[in-house]
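The values are calculated or read from the model by the stated rules, or taken from the named source; none is laboratory data. Being a predicted model, the structure only gives us computed values, none of them experimental. As a convention, Cβ positions derive from the backbone with ideal geometry for all residues, glycine included, and neighbour counts pool all protein chains shown. SASA here: full protein model, heavy atoms, side chains in, ligands and nucleic acids out. Shrake-Rupley method; radii C 1.70, N 1.55, O 1.52, S 1.80 Å.
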Amino acid sequence: KKAVNNLQLTGAKILGYVLNGVPVERKSYNYYYSKGILSIGSYAFSGCTSLSEIAFPEGLTSIGDCAFSNCTSLSSLTITAISPPTLGSTPFSSTSSSLIIYVPSGSVDAYKAASGWSNYSDNIRAIP
């Protein structure tokens, strides 16, 4: 598992295995961002078919349109934000139906009821 700190993903787009101009090791498909992420831009991770797990810090406030679309291997998304981030249009389109979205245990009901998130209520679970 690789930790990346202070990375701005607003408007970022992963093309192949490069993230904001920084090469990402091909063998590393799990990413854990520990701080500094406020928003995920539209299409930021779109088409990253090898991305299997990703986690974001409590400061996350928004996820853009189609941010994780066509991430066909994505099985686990962890968001530690207490309040559900604002969701753009179809952020998880064409991802696995078995995608599990982990959120803080005290926030599960809030996520399941929040605008946009309610579409994924069956996939939302408490962080183990």
### Query
In the stretch 64-77, what residues are under 13 Å from ASN123 (Cα atoms) and surrounded by fewer than 19 Cβ atoms within 10 Å (Cβ to Cβ)?
SER75, SER76
### Message
Just checking, does the stretch 99-114 include any residue being over 23 Å from PRO128 (Cα atoms), open to solvent by 10 Å² or more (accessible area, probe 1.4 Å) and among the acidic types (Asp, Glu)?
### Response
no
### Unique match (being out of contact with any strand residue (DSSP E or B) (no Cβ under 9 Å at 6 or more places or on another chain) and modelled with pLDDT of 95 or more) among SER98, SER83
SER83
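Could you identify the single residue in THR61, THR49, THR95 that is β-branched (Val, Ile, Thr), loosely packed, with under 15 Cβ neighbours inside 10 Å and over 22 Å from LEU38 (Cα atoms)? Explain how you work it out, then say what you get.
Details: THR61 fails: over 22 Å from LEU38 (Cα atoms); THR95 fails: loosely packed, with under 15 Cβ neighbours inside 10 Å.
Sole residue among the options that is β-branched (Val, Ile, Thr), loosely packed, with under 15 Cβ neighbours inside 10 Å and over 22 Å from LEU38 (Cα atoms): THR49.
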